[in-house]
Amino acid sequence: MATEVPAHAGLRELAVAAARCTACELYERATQTVFGAGPDKARVMLVGEQPGDVEDRRGEPFVGPAGRMLDRALDEAGLARNEVYLTNAVKHFRWKSTASSKRRLHQRPGATHIAACHPWLDAEITAVRPRIVVAMGAVAAQSLFGPSFRLTQHRGELLDWPDPHTTVEAAVATIHPSAILRAGEKRKEMQAGFVADLRLASRV
Ligand code: SF4
């Protein structure tokens, strides 16, 4: 199996090609490829982990509970959702079932899935030409900065972009909005931190 990413393609062509991707086994159990969405030439690109259950069914990124949390945080940070490009490090939903429930439970993508899907993310960065990229969560950060990157050490910093052959001038690594949903009594504090990280990206 191979990822066949068309060279020099625009977003529309990339999305059509990604819909046929079989480069890792995740396509077998997911409903569809969930490609990125947003303006062709967004200045800010936000990268999450993978589509969730709602996104998998609807075919759009960040339209479930984590997406609503992201919308609130973008608003507080002064960023309009329709001005940013939203995508994920992995484009198919990885999930597991349980004996006691029909619910599809999120399963974190593995290193092989992140590596197999990375060419699509690279192609989106080339097509969109953002100036700043925000990695939301450890999977996105490791896809963009390599497997040794530690989000706990660099969260909220303005980071150099590893590839000088792109338009990207800087990056910010932060938490994934779904982490706020699971944060219990620390929810407010985590949300404030997430908004502060998005503000940093917005200022750049
Ligand atoms: S997760 Fe990515 S690499 Fe794997 S099949 Fe889907 S689009 Fe292809």
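Read the figures in this text as sums done on the coordinates, not as results from a lab. Worth saying up front: this structure is predicted, and the values here are computed from it rather than measured. Glycine also receives a Cβ, built like all others from the backbone with ideal geometry; neighbour counts cover every protein chain displayed.
Suppose the chain between Asp75 and Leu181 were pulled fully straight at 0.36 nm per residue; how much longer would it get relative to their current alpha carbon spacing? List each step's numbers first, then the result.
On the way: separation 106, 0.36 × 106 = 38.16 nm, distance 1.71 nm.
So the chain would gain 36.4 nm between Asp75 and Leu181.
At 0.36 nm per residue, minus the direct Cα-Cα distance, what do Thr112 and Val54 gain on full extension? Give it in nm, one decimal, please.
18.5 nm
For Glu189 and Lys41, calculate 0.36 nm times their separation in residues minus their Cα-Cα distance, and state this gained length in nm to one decimal.
Gain on extension, Glu189 to Lys41, equals 50.0 nm.
On a C-alpha basis, how far is the centre of region 132-177 from the centre of region 59-129 in Å? Whole number, if you could?
15 Å
In percent, how large is the relative contact order of the chain, given Cα pairs closer than 8 Å and 6 or more residues apart?
With pairs under 8 Å counted, the relative contact order is 23 percent.
Give the dimensionless ratio obtained when the Cα radius of gyration of region 11-203 is divided by 2.2 N^0.38 Å.
0.96
Taking the Cα centre as origin and putting +1 on Lys and Arg beta-carbons and -1 on Asp and Glu beta-carbons, what dipole magnitude results for region 11-203, to the nearest 20 debye?
Dipole of region 11-203, to the nearest 20 debye: 620 debye.
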